[in-house]
Structure formats: structure tokens, C-alpha cells
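A quick write-up on the structure given underneath.
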Amino acid sequence: MAEAGTEEAESANSTQGAEAESDPILDPVEPEPETPPPPPAPEDPAQPIVFEPWKWYDATVACTTATCPNLNVVLHLTEVYSNAGQVTFYCGVCSKRQKLLSATLMDPQPPEE
Ligand SMILES: [Zn+2]
């Protein structure tokens with residue numbers, strides 16, 4: 001009885017993956033900045049604000065456009081000239097009209113140059 005020596009030559013050709021697939025660099029996902037809720041809507045002026053013509057005023061305005069990042073942010077403007085008494089304020093962010101909240105006649109008026 002001859003033993004059939006079957007030598008199995010183990011092929012040790014373990015090809016290790018030479019090309020390690022590098023993960024594609026994903027754009028870092030920036031956490032969404034937490035946008036604080038807009039401040040509450042400023043109250044309407046108690047009475048309509050009337051500018052005297054040709055005077056300087058301090059004024060507070062706020063943008064009331066719902067989609068504006070500056071929604072309800074009250075801005076204090078100094079040295080607003082009333083021109084003929086019609087003053088319109090526009091939001092520097094959304095270019096919509098701002099709501100005039102208050103206007104205070106400057107006292108004293110700035111000296112004319
Ligand atoms: Zn705005």
C-alpha cells in the first residue's frame with residue numbers, strides 16, 4: 001500500500017491589496033451655525049413720527065422683512081437729515097424698507113459746515 005503522498009503546495013501568494021483604496025476626502029460638513037431666533041418685533045411708535053423738514057435727527061429703525069437676517073434688529077442711526085420731511089430708510093442687508101421706530105430731534109443741531 002503505497003501512500004499517495006499528495007503534497008499540496010500551498011501557494012502562499014497571498015497578494016495583499018497593494019493598492020489601499022484611500023477614502024475620498026469628503027468635504028467637511030460644517031455644523032450648521034445656530035441662528036438665534038430673531039428678536040421680537042419692535043413695537044410700533046406710539047404715534048406717527050413726523051419729521052420737521054431740514055433738521056437733523058437721531059433715529060432708530062428696524063428691518064421687518066421676515067426673510068432678512070436683520071429681521072427686527074433695531075439700528076440706531078445718528079445724524080439723519082430730514083430733507084423736506086420725508087425720510088425713508090432702507091435695510092442695508094435686504095434693501096427693503098425699514099420700519100421707523102423713533103426719531104429724536106438732535107439738540108443741539110449739528111453745526112452747518
Ligand atoms: Zn432687511
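Place a point 7 Å from Cα of K55 in the direction of its Cβ. Which residues in region 94-113 have their backbone N less than 18 Å from it?
100-112
What's the Kirkwood radius of region 56-105 in Å, using all Cα pairs?
Roughly 10.9 Å, rounded to one decimal.
No value in this document is a laboratory result; all are computed from the given coordinates. For clarity, every value in this text was computed on a predicted model and none was experimentally measured. When we count neighbours, we look across all protein chains shown, and the Cβ atoms used for this are built from the backbone with ideal geometry, even at glycine.
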